[in-house]
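The values are calculated or read from the model by the stated rules, or taken from the named source; none is laboratory data. On a predicted model such as this, the values are computed, not experimentally measured, just so you know. Virtual Cβ from ideal backbone geometry, glycine too; neighbours counted across all protein chains shown.
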């Protein structure tokens, strides 16, 4: 009988660690390759174009994404989020592997290469809205599953959280137009920010041509009331 592997009596700790690390890397590569393949197929189906894996990995590091979003996208492609099959091997937590539709949760999202010649700023706004919305969905999902025991968040609350995230991103863009403070490498051209958010701002017709230095600029969507509608008293129509 021919045995394979290392002899325990002569195995060094360094060699054992290297073998474990290599095996783990192999599993990780399989997961990420599968995720990239699914993203590629989704892009091909939706946009009739087929990016190669290198383009997808490059796109998730796009400069228009915040550091949090970049980290989220990287973990999604590597299946590094604590969802789906992660919970299948943890006692008493197996039920967390499936979502409400009774299917194993899948963390990788669909990212696209949107280099089409659109109006100035449209592609950048698209990247910002999609990436921030995906990240918001992820955070709301975690809040529902982990904090609220599976209960859904009120629609108005989700709307207001999303609006806050987009306004924070708008503020981030405005701050980065300060070339003197952030330098050429880290700052954003004022014209890029103006084109990106054009026709999306609240009372935009009253703003100056360059509104990036204004103290308070918001996107043109109002927050929704978080108060519940009044409940009927139950006495209407009752006879004495």
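Please work out which one of (1) in a loop (DSSP other than H, G, I, E, B); (2) buried (at least 16 other Cβ atoms within 10 Å of the Cβ) is the condition residue 82 fails and give its number.
Exception for residue 82: condition (2).
Here is a check on your reading of the model: is residue 81 over 16 Å from the mean Cα position of the chain (by Cα), modelled with pLDDT under 85 and not assigned by TED's automatic domain parsing to the domain that holds residue 189? Step through it out loud before you land on a result.
Values: over 16 Å from the mean Cα position of the chain (by Cα): no; modelled with pLDDT under 85: yes; not assigned by TED's automatic domain parsing to the domain that holds residue 189: yes.
When the stated conditions are applied, residue 81 does not pass them.
Among the residues of segment 94-109, is any modelled with pLDDT under 80 and under 30 Å from residue 176 (Cα atoms)?
So the first thing to find is which residues in segment 94-109 are modelled with pLDDT under 80, and the list is 94-109.
Next, from what is left, pick out any that are under 30 Å from residue 176 (Cα atoms): 108-109.
Looking for residues that are modelled with pLDDT under 80 and under 30 Å from residue 176 (Cα atoms), one finds at least one in segment 94-109, hence yes.
For segment 58-73, how many residues meet the condition of being touching a helix residue (DSSP H, G or I) at 6+ places or on another chain (Cβ under 9 Å), surrounded by fewer than 15 Cβ atoms within 10 Å (Cβ to Cβ) and in a helix (DSSP H, G or I)?
Count: 1.
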